[in-house]
Amino acid sequence: MEPMTNHTTPMAHHDYTDLMSLALDDLLSAEEQQRLDQHLAGCLTCRLTWSRWQRIAHVLTVQPFAGPPPAFMLHVDRALQRREQRRERMLAGWLLAGGAFTVWTLIALSAALTGALVLTAWPALRVQVVETLGYAGQFVTLIFQNLAALRDALALLLPNPLILLAVALALLLASGVWVKLVFYSAPARPR
Ligand SMILES: [Zn+2]
């Protein structure tokens, strides 16, 4: 049996759009016309495309539009369809992101709720948690104090133009090394 049968797959839609554009110009053979009719009878997607194309072709042939040739308009229509598909994909992406956000928010909320319930049920545990949080808070405060000290030290040093110059030179040197590494070391040329 040949793999080419008269059974049509969704992959073959674009073959029929070619037949459709020929049909609009009355360029189909009887056999091709029959093939198109058969496919349209069984395929909703192509039937919708075909009716839309017929509408477009009708508008174009009605006076006073003696305008652009149908093939051009069909090309535009296909481009519009592609854009629609892209929009749909984008929308799906947003829905997915929104769904993920909702799910994670729900998980966080239920974790918080469970935590609150557990703390209400065991007051002793509550004291412990509060203590632990207190230690964590002290730790964070310590880090921030150190960061602030570092920032103040830097602020004292920065206005000194000599230090700025030294920093600039160091940066220049670093970028020189970087450029050398990136552009001149990769291809090992034969000598
Ligand atoms: Zn089809």
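The values are calculated or read from the model by the stated rules, or taken from the named source; none is laboratory data. Only a predicted model underlies this, so the values are computations on that prediction, with no experimental measurement involved. Glycine also receives a Cβ, built like all others from the backbone with ideal geometry; neighbour counts cover every protein chain displayed.
Among residues of the range 73-97 that are under 19 Å from THR49 (Cα atoms), those with a beta-carbon under 7 Å from a residue that is small (Gly, Ala, Ser) at least six positions away or on a different chain give the pairs LEU74/SER21.
Residues of the range 50-67 include at least one that is within 10 Å of the ligand (Cβ to nearest atom), modelled with pLDDT of 65 or more and within 20 Å of GLU84 (Cα to Cα).
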